[in-house]
Amino acid sequence: MPRSARQISNTKVYHIILRGNDKQDIFYDEQDYRKFIKEIQETKEKYQYKLYAYCLMSNHTHLVIYDKEEQISKAIQSLAIAYSSYFAKKYEKVGHLFQNRFLSKNVESREYLINVCKYVHRNPLGAGISKLDSYKWSSYRDFITNNCEIVDIKPILSLFGKNQKDTIKKFISFHSDEKEELNDDIEFEMIENLSDEKVKEKILKLLEINNIRELRTYSKEIRNEKIKKLKIIKGTTKTQLARVLGMNRKIVERAMK
């Protein structure tokens, strides 16, 4: 089937994700991370986009980009090709480095923009590998140190107020809050989006039960313990889990905290 055309964002802002093919690592050492950042700088100059936030993880990257010139596909393809060429030469790798086309989601509101930047920055924290302010390969430290070398921090900080010191404090406070109201919408980078039926199958197998309705017969404590186990299912969201379980989403959210 032909690929569907990417939808243009009304705000020209996009959340972009590049993933390693078959979940393979795309960064092995510091030189690799620095090379990717250098390629970002070069594509920024060539395609005239702004970088609002980024985070480089071992097997994938997050970029939040403002693409006024509507060249997002060319820019990301150029970035991927340049880095893939470097990676193949350095490690003598054959085959595709990145998985298919890059993933993108339109950012259509102020609320979504600040939440997606927070989500991107909290990736290392969520993965349990680093604190927010000590991770070297994200733009979080650029914001709190007012470093504009690669990241265009002013548009984001302006959403937190006008006074620079106050905006940075509010930025830090916002990122420290674990609450992410838009989390389900932001978690679009799943490799496989599961159908309700597939999610149901995985739940039954994981919890070793014969019927979803069994969960409603348990005490609140046992029920919540079982729901918490569902966090390991990839390719679903809390909204979908709640629907399949026939429960209020807030019950699922509280159980998974």
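The values are calculated or read from the model by the stated rules, or taken from the named source; none is laboratory data. On a predicted model such as this, the values are computed, not experimentally measured, just so you know. Counting neighbours? That spans all protein chains shown, and the Cβs are built from the backbone with ideal geometry, glycine included.
Side notes on the structure shown:
- Qualifying residue in the stretch 124-144 (condition: in contact with a Leu (Cβ under 6 Å, 6 or more places away or on another chain), outside any helix (DSSP H, G or I) and either assigned by TED's automatic domain parsing to the domain that holds Ile76 or exposed (fewer than 15 other Cβ atoms within 10 Å of the Cβ) (or both)): yes
- Exactly one residue out of Lys89, Lys118, Lys93 is assigned to a helix (DSSP H, G or I) and free of Cβ contacts under 8 Å to residues at least 12 places away in the same chain: that is Lys89.
- Number of residues in the stretch 115-154 that are over 13 Å from the mean Cα position of the chain (by Cα) and either within 23 Å of Gln7 (Cβ to Cβ) or not aromatic (Phe, Trp, Tyr) (or both) equals 22.
- Scope the stretch 9-21; condition surrounded by 12 or more Cβ atoms within 10 Å (Cβ to Cβ), assigned to a loop (DSSP other than H, G, I, E, B) and not charged (D, E, K, R); matching residues: Ser9, Thr11
- From the list Asn115, Asn146, the lone residue that is over 18 Å from Tyr33 (Cα atoms), modelled with pLDDT of 90 or more and of a type in the set (S, T, N, Q) is Asn115.
- Pick from the stretch 22-44, criterion part of a helix (DSSP H, G or I) and modelled with pLDDT under 95, ranking: farthest from the chain's Cα centre (by Cα): Asp22
- For the stretch 34-42, the criterion of being closer than 17 Å to Ser139 by Cα and touching an Asp or Glu at 6+ places or on another chain (Cβ under 6 Å) is met by none of the residues.
- Whichever residue in the stretch 22-71 is polar (S, T, N, Q) and within 15 Å of Lys12 (Cα to Cα) and, among such residues, is surrounded by the fewest Cβ atoms within 10 Å (Cβ to Cβ): Gln48
- Number of the exception - Lys234 against (1) surrounded by 15 or more Cβ atoms within 10 Å (Cβ to Cβ); (2) within 26 Å of the chain's Cα centre (by Cα): (1)
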